[in-house]
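The values are calculated or read from the model by the stated rules, or taken from the named source; none is laboratory data. Quick caveat: nothing in here was measured; it's all calculated off a predicted structure. Cβ placement follows ideal geometry from the backbone for every residue including glycine, while neighbour counts extend to all protein chains displayed.
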């Protein structure tokens, strides 16, 4: 495994030019002023020439021959954007192939424009910071293209899914690309307001759990939304519906406003691309087609519902189904689905739900994570402090676990001190984060028997569903094996491989 942290410490100081870092940090807590830009560019002729060159392409007549003229026409904010875009393009190089480098640069440019416009339309303070964070959210890939091109070529090979790509990053560097970008920017002396959102641009739950101030958290949500929109256009059209719901929930933008926002994003993106001579775009402009299709689909669904109400045959069929549902509901009455002591679901519920989750995963490729949990030295706790205190520990631990899970996740008690959590996540990292959060919460919770504090910890084994697994039992066996590995490694640990 490459020690990427050590490598970044040695070379990152020269990766981003110091004047560029100064320019970024000057605009963090205030409106960008022309004199700020001029003071930096006067000290660095290369940046000054770069800006004028982009504004005045070769072969075109223009009188924008000074920084003052450029700032007056384009404004300070857009000038900084142009400088940053040009710098990132210079980082691309050709070691990973021109097409890969151009696509990577184009996607980052789109993420920056998306993050900026979403932040701006949502009323978030300092939207220009969202542009910086969005543009540099995957600067790790540009770093790798310079120093580890062979590994980056493998990351972007066609046979790599998002999950396998992230797994490969962890196996190669011990970190994923978001963490690497975070380290590069932090080591370069860039302000945390810019690089904190980079760390979580694919992980909404991490943003929500952070203790950052509201401005940083809002910028992080804008960058998360911008990254998600980039994934829609360049990778997965199927995320469009989820994106609309997410953005409405996170930023308050309605569907009608969102369409205007996307139009603004595309306009800014094309302008920035043109200024950096990016003309052969990979960008597919089909968001309006999606909107039109969604509208037509909603009309069709409405017509189907009206037809159902008017069709007596369908009413009869619905009545039969209703009778079946009522009969099944009666059968479920009186069946205990939860453990009476802890309130966690019991084994009966677990078996039924896991079968359903397994079938969904097989049929629709919907990922989920199993987390096997076991209280460390629980027998010793019972023998030393009594079973009543042991029951108190069980109840409290289930409360802690439930507080860490989302509404769609659940926890079941499978034995005396053994539990199994089922979490909906498309990658193993999501399950690891949840397990580590639970582990720390339990470790930091005070358990008191009489006047004595009793240390309580828990061990965890995490496994992500993968298509090659043959049965639910096999998946549980793997998570249990990782749990036993955590026990053998000293307990109070999370093991995921």
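The table below lists the values:
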| read-out | value |
| --- | --- |
| Filtered residues of the stretch 208-223 (kept if assigned to a helix (DSSP H, G or I), under 23 Å from residue 8 (Cβ atoms) and modelled with pLDDT under 75) | none |
| Flag for residue 479 being closer than 30 Å to residue 164 by Cβ and not in a helix (DSSP H, G or I) | no |
| Out of 465, 484, sole residue that is under 26 Å from the mean Cα position of the chain (by Cα) and assigned by TED's automatic domain parsing to the domain that holds residue 375 | 465 |
| Wholly enclosed helices (runs of 4 or more DSSP H) of the stretch 357-455 bearing at least 2 residues closer than 28 Å to residue 199 by Cα | 387-404, 428-443 |
| Test result for residue 4, in contact with a helix residue (DSSP H, G or I) (Cβ under 6 Å, 6 or more places away or on another chain), at pLDDT 80 or above and farther than 30 Å from residue 168 by Cβ | no |
| Residues of the stretch 402-440 that turn out to be more than 22 Å from the chain's Cα centre (by Cα) and buried (at least 16 other Cβ atoms within 10 Å of the Cβ), as a count | 7 |
| Those helices (runs of 4 or more DSSP H) lying entirely in the stretch 100-196 with at least 2 residues in contact with a helix residue (DSSP H, G or I) (Cβ under 9 Å, 6 or more places away or on another chain) and more than 21 Å from residue 83 (Cα to Cα) | 139-147, 149-155, 162-173, 177-187 |
| Of the criteria (1) modelled with pLDDT of 95 or more; (2) out of contact with any helix residue (DSSP H, G or I) (no Cβ under 9 Å at 6 or more places or on another chain); (3) surrounded by 21 or more Cβ atoms within 10 Å (Cβ to Cβ), which one residue 494 fails | (2) |
| Hey, residue 316 modelled with pLDDT of 70 or more, assigned by TED's automatic domain parsing to the domain that holds residue 87 and either part of a helix (DSSP H, G or I) or farther than 30 Å from residue 411 by Cβ (or both) or not | no |
| Filter result for the condition that a residue is assigned by TED's automatic domain parsing to the domain that holds residue 226, modelled with pLDDT of 75 or more, over 24 Å from residue 225 (Cα atoms) and surrounded by 11 or more Cβ atoms within 10 Å (Cβ to Cβ), over 275, 258, 337 | 275 |
| Some residue of the stretch 340-353 being touching a residue at least 24 places away in the same chain (Cβ under 8 Å) and assigned to a strand (DSSP E or B) | yes |
| Per-region count, the stretch 403-421, residues at pLDDT 95 or above and out of contact with any helix residue (DSSP H, G or I) (no Cβ under 9 Å at 6 or more places or on another chain) | 0 |
